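The structure appears below as structure tokens.
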Amino acid sequence: MPEFCDVAVPVPLDMVFTYRVPADATPVVGGRVLVPFRQQRMTGIVVELHDRKPSVIAKNILTVLDTVPVLDEQLLQLGRWIADYYLAPLGEVFRTMLPLNAEFKRSIAYRLTDAGQMALHLAGMSGSSARSRRTPEEQAAEFRVLDYLAAHVSAEDERGVPHVSPVLRDVGTPADGRAPVREEALRSATKVSRSILSGMVRKKWLTREDMSAPQDATRTMKVAMLKSAEGKLNDNQRTLIDALAASGGNVPVSTLQSLDVPHSTLATLVRRGLIEILEEPAEFTVSRSKPRPSLFDFDLSPAQQSALARMRQSVAPRKFSGMLLHGVTGSGKTAVYLAAMRGVLEAGRSAILLVPEIGLTPAVAADLHQIFGDEVAILHSALSDRERAEQWHRIKRGEARMVVGTRSAVFAPVADLALIIVDEEHDSSYKQEETPRYHARDIAVMRAKMANAVVVLGSATPSLESYFNAKKNKYALVELPDRVEQRPLPEVDIIDMRQEFQETGHDQVISRKLAAEIKERLDRKEQVMVLLNRRGYSPVVLCRACGKKLECQNCAIALTHHKREHKMVCHYCGYTAPVPKACVHCGSEYVYFLGTGSEKLEELLHGMFPQARIARLDRDTVRSHEDFERALNALNEGELDLIVGTQMIAKGHDIHGVTLVGVVGADVALGLPDFRAAERTFQLLTQVAGRAGRGQTPGKVVLQTYFQDHYAVQYAARHDFIGFYEKELQFRSWMHYPPYSALANVLVRSDRLDDALQWSGILGKWFDTTRHEAVRVLGPATAPIMRLKRDYRYHFVLKSPSRRNLNTTLRAMLAYAAQKKIPRTQVIVDVDALWLM
């Protein structure tokens, strides 16, 4: 076994770290190890084993966590490519690729020092001024901690040996028997804050020790088993016994606890020996959504058959190829995807299907489970850590070869990968907005290239970059120009809200035309969707006396009024404030709630149509994927007449009862300082329009706008992607924006304005005085949102026709920033940025 290994640790440093391999350890490349890093214990990935002695003394590996690699050579290569392309630390890339946090428990412990023992002694002496600068409450809190740690000895301490677990003992225990106490136990017993403990560590009264260690991540559930039904029972006990008997003698404890009986009843029956509590592996439900009758009950159209044949022909040779499937909304792209995946499974190979939103995953997973059974695994961030680890291991063991999930599913450890499908490939949800800032669509293309697999990008509104690449023959272009069964695309009416104001004399949220169309559909027992892509009740609270807005304390953003929760909320950092009765700036009582959000729209519709069954679908009403599934199931089952929502309702949902879609405030995004504003508006309008008329009844769209002449609105109303593409491409070419150049956004941030200004000035001078071949630099400039999550923000936008030149310039800039002692975490490099705000 080599003497040393290089480990990628998840820290914001662009390097790997060398550790010594103990004689009894056998790490593997691609496996995890537990290593000491500064004052912490961290898990890292072994990237190389070697005998090269480092120039400094190497620390030992603490524990080898894997005897076989968790990342195979192909995924290691993919991780290195991501780190290189997106200029992200390799350890942070590998952490993103592995959803195994549940297998490692982070734990901190505190131990009393000699100085702490002396401080405790002095605290009992009158007249001591050792802590005179502390408030009486802080002094009392410190005394409770010192007293608890001094008294916290085990029964074995009389023999001078503290009773501690093996995990704690390996960091060393003082000879006087002081054992470390875990933070959660210490805080629970003494009722102190972390800041008090940190202050005591600075005074050297306590030592802080990292006790993090591996743990079993198996999900279990407690099950009650009926042992006997004999004996005298009261009514509550009889209820539990009858429930168990009716269910065959085994019922989850959580089910029994949901019955209308005291929880102590179950404990009594356990003590009497009538019921036994067992721990069993917990079941995992792929999806609670009801699958559609079958996607294969109808014959595929000639265009679908042609697209499927192209996919199968591409998969067979085991060579890389890329394909863009451009099909109008309702053209049956999903049926083609699943038919192609079925062919892959029959060949004994694997496939990955990416969807943009967690809300779409259950519906697609239900379809896949109906077709492929237990061969399906699901991966997305709404699962618990243990659920994700469980699904990941199922894939790794080869138990599931069909994977569906959001962007992180692109890293699924499938064997013999044949096909990756990226549904709604244009969607911005595929871009991660934290390190590593990767785009799952582009990672899918690269992974397919490394695996000699086929990647299929599908959308009714492809991104300009993807369609441009297809036109340049980088991808094969496959078209589905018509809806299934020759169903017509919905008719679109554009309502000019400026004219509506002139004719009615006041602002209207719902135009007269849209109100009449909704009433007509409700009278016919048809379903309606209304889109307003803005959460909350009112997006702005304005003082009519001084003219100032109520803003977030952490961000340069107006707080949004949420009426049902009776609070003001920042949608960026989560800060909340009470609803003001007077202006916080001048004290005036003339506070005006301006604008309309989805919550207010729901209230208005309830008032206009009191008999209708109305629900709202946004991030305020959907707290989990179960909430989303319930709402969509209710809509599919005809239990709702009208649904109001944000862009969550616009993406990919196939609900045949919806015949009318109303779009309120369709053009809000057109006012943003973003070169992609028109593209985003066109995509959103086209996608939401596509929810109408997917059943036997033709659909209609009513689109309210203040900019009816804007080309994005006009082309969306005509369902004309090609026309929009050609028009938008002209503007992009004139301004040298993607797809004609590669783009990166460099953000400099700090919670101190002086630092942000100084650092951006330093980098700005470097950009000005250094030659950068074929790279154009714009900035520094104040970011459109100047302050976000307490950080002041300045940015540079870099454009270049050469990705290599852009990458070289960014690397040189980061090296210069490090030389000037600018913290790496305060310089954000976003390659292929989608969000410039």
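The values are calculated or read from the model by the stated rules, or taken from the named source; none is laboratory data. None of the values given here were measured: they were computed from a predicted structure. Every residue, glycine among them, receives a Cβ derived from its backbone with ideal geometry; neighbour counts consider all protein chains shown. Protein only, heavy atoms only, side chains kept; ligands, DNA and RNA dropped before computing areas. Shrake-Rupley method; radii C 1.70, N 1.55, O 1.52, S 1.80 Å.
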* Quick one: which residue in Phe767, Phe724 is under 30 Å from Pro481 (Cβ atoms), touching a Ser or Thr at 6+ places or on another chain (Cβ under 9 Å) and at pLDDT 95 or above? => Phe724
* To do: Could you tell me which of the residues Glu375, Glu390, Glu346 is touching a strand residue (DSSP E or B) at 6+ places or on another chain (Cβ under 8 Å), among the charged types (D, E, K, R) and open to solvent by 10 Å² or more (accessible area, probe 1.4 Å)?
  => Glu375
* Structure fact -> When region 773-790 is checked residue by residue, the ones that are open to solvent by less than 30 Å² (accessible area, probe 1.4 Å) and either touching a helix residue (DSSP H, G or I) at 6+ places or on another chain (Cβ under 8 Å) or over 17 Å from Met837 (Cα atoms) (or both) are Val775
* Answer residue from region 393-413, given it is in contact (Cβ under 8 Å) with a residue 60 or more places away in the chain and closer than 14 Å to Pro99 by Cβ and is most open to solvent (accessible area, probe 1.4 Å) among those -> Lys396
* To do: Select from region 647-677 the residues that are open to solvent by 10 Å² or more (accessible area, probe 1.4 Å) and touching an Asp or Glu at 6+ places or on another chain (Cβ under 8 Å) and list them in ascending order.
  => Met648, Lys651, Gly652, Gly657
* Asked: For region 17-30, which residues satisfy the criterion of being surrounded by fewer than 19 Cβ atoms within 10 Å (Cβ to Cβ) and not in a strand (DSSP E or B)?
  -> Pro22, Ala23, Asp24, Ala25, Thr26, Val28, Val29
* Mind checking whether some residue in region 436-446 is in contact with a Leu (Cβ under 6 Å, 6 or more places away or on another chain), surrounded by 24 or more Cβ atoms within 10 Å (Cβ to Cβ) and not in a helix (DSSP H, G or I)? -> no
* When you scan region 256-271, how many residues do you find that are surrounded by 14 or more Cβ atoms within 10 Å (Cβ to Cβ) and either touching a Pro at 6+ places or on another chain (Cβ under 6 Å) or of a type in the set (Ser, Thr, Tyr) (or both)? -> 2
* Of all residues making up region 425-446, the number that are in contact with a Phe, Trp or Tyr (Cβ under 8 Å, 6 or more places away or on another chain) and of a type in the set (D, E, K, R) -> 4
* Determine whether region 721-731 contains at least one residue that is among the hydrophobic types (A, V, I, L, M, F, W, C) and open to solvent by 30 Å² or more (accessible area, probe 1.4 Å). => yes
* Matching residues, region 414-435, being surrounded by 22 or more Cβ atoms within 10 Å (Cβ to Cβ) and within 21 Å of the chain's Cα centre (by Cα) -> Ile420, Ile421, Val422, Asp423, Glu424, Glu425, His426, Asp427, Tyr430
* **Among the residues listed as Ala558, Ala577, Ala516, the single one being of a type in the set (Gly, Ala, Ser) and open to solvent by 40 Å² or more (accessible area, probe 1.4 Å)** => Ala516
* Is at least one residue of region 679-688 among the aromatic types (Phe, Trp, Tyr) and open to solvent by 20 Å² or more (accessible area, probe 1.4 Å)? -> no
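Quick grid of which residues meet (1) modelled with pLDDT under 90; (2) out of contact with any strand residue (DSSP E or B) (no Cβ under 8 Å at 6 or more places or on another chain); (3) not in a loop (DSSP other than H, G, I, E, B):
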{"site": "Glu485", "(1), (2), (3)": "yes, yes, yes"}
{"site": "Asp507", "(1), (2), (3)": "yes, yes, no"}
{"site": "Ala515", "(1), (2), (3)": "no, yes, yes"}
{"site": "Asn533", "(1), (2), (3)": "yes, yes, no"}
{"site": "Asn554", "(1), (2), (3)": "no, no, no"}
* Asked: How do the pairs read when you match residues in region 320-340 that are closer than 15 Å to Tyr475 by Cα and touching a residue at least 60 places away in the same chain (Cβ under 8 Å) with residues anywhere that are of a type in the set (S, T, N, Q) and not in a strand (DSSP E or B), using Cβ under 7 Å and keeping only pairs 6 or more apart or on different chains?
  -> Phe320/Asn452; Ser321/Ser314; Met323/Ser314; Leu324/Ser466
* Close pairs from region 183-212: first under 20 Å from Pro136 (Cα atoms), partner open to solvent by 60 Å² or more (accessible area, probe 1.4 Å) and in a helix (DSSP H, G or I), Cβ under 6 Å, at least 6 apart -> Ala189/Tyr148; Thr190/Arg144; Thr190/Tyr148
* **Selection count where residues are farther than 12 Å from Ser228 by Cα and assigned to a loop (DSSP other than H, G, I, E, B), scope region 246-271** => 7
* Could you list all residues from region 1-10 that are surrounded by 18 or more Cβ atoms within 10 Å (Cβ to Cβ) and outside any strand (DSSP E or B)? => Val9, Pro10
* Going by the conditions given, is Ala365 open to solvent by less than 10 Å² (accessible area, probe 1.4 Å) and assigned to a helix (DSSP H, G or I)? -> yes
* **Selection count, region 807-837, where residues are more than 28 Å from the chain's Cα centre (by Cα) and not in a loop (DSSP other than H, G, I, E, B)** => 9
* Asked: Do you know which of the residues in region 741-761 that are open to solvent by 40 Å² or more (accessible area, probe 1.4 Å) and of a type outside the set (Lys, Arg) is nearest to Ala817 (Cα to Cα)?
  -> Gln758
* Failed criterion for Gln499 (all others in (1) open to solvent by 30 Å² or more (accessible area, probe 1.4 Å); (2) closer than 19 Å to Gly662 by Cα; (3) in contact with a helix residue (DSSP H, G or I) (Cβ under 7 Å, 6 or more places away or on another chain) hold) -> (3)
* **When residues of region 630-644 are limited to those that are at pLDDT below 85 and buried (at least 19 other Cβ atoms within 10 Å of the Cβ), the one farthest from Asp620 (Cα to Cα)** => Asn636
* Asked: Inside region 511-537, can you point out the residues that are within 22 Å of Arg498 (Cβ to Cβ) and of a type in the set (S, T, N, Q)?
  -> Ser511, Asn533
* Structure fact -> Within region 803-837, residues open to solvent by less than 10 Å² (accessible area, probe 1.4 Å) and of a type in the set (Gly, Ala, Ser) come out as Ala817, Ala833
* Check on Thr621, free of Cβ contacts under 8 Å to residues at least 24 places away in the same chain and among the β-branched types (Val, Ile, Thr) -> yes
* Structure fact -> Quick count over region 480-493, residues being crowded, with 19+ Cβ neighbours inside 10 Å and touching a Leu at 6+ places or on another chain (Cβ under 8 Å), is 3
* **Candidates Leu383, Leu419 - the one that is closer than 26 Å to Phe94 by Cβ and in a strand (DSSP E or B)** => Leu419
* Asked: On the given criteria, is Ala243 touching a residue at least 12 places away in the same chain (Cβ under 8 Å), open to solvent by less than 50 Å² (accessible area, probe 1.4 Å) and part of a helix (DSSP H, G or I)?
  -> yes
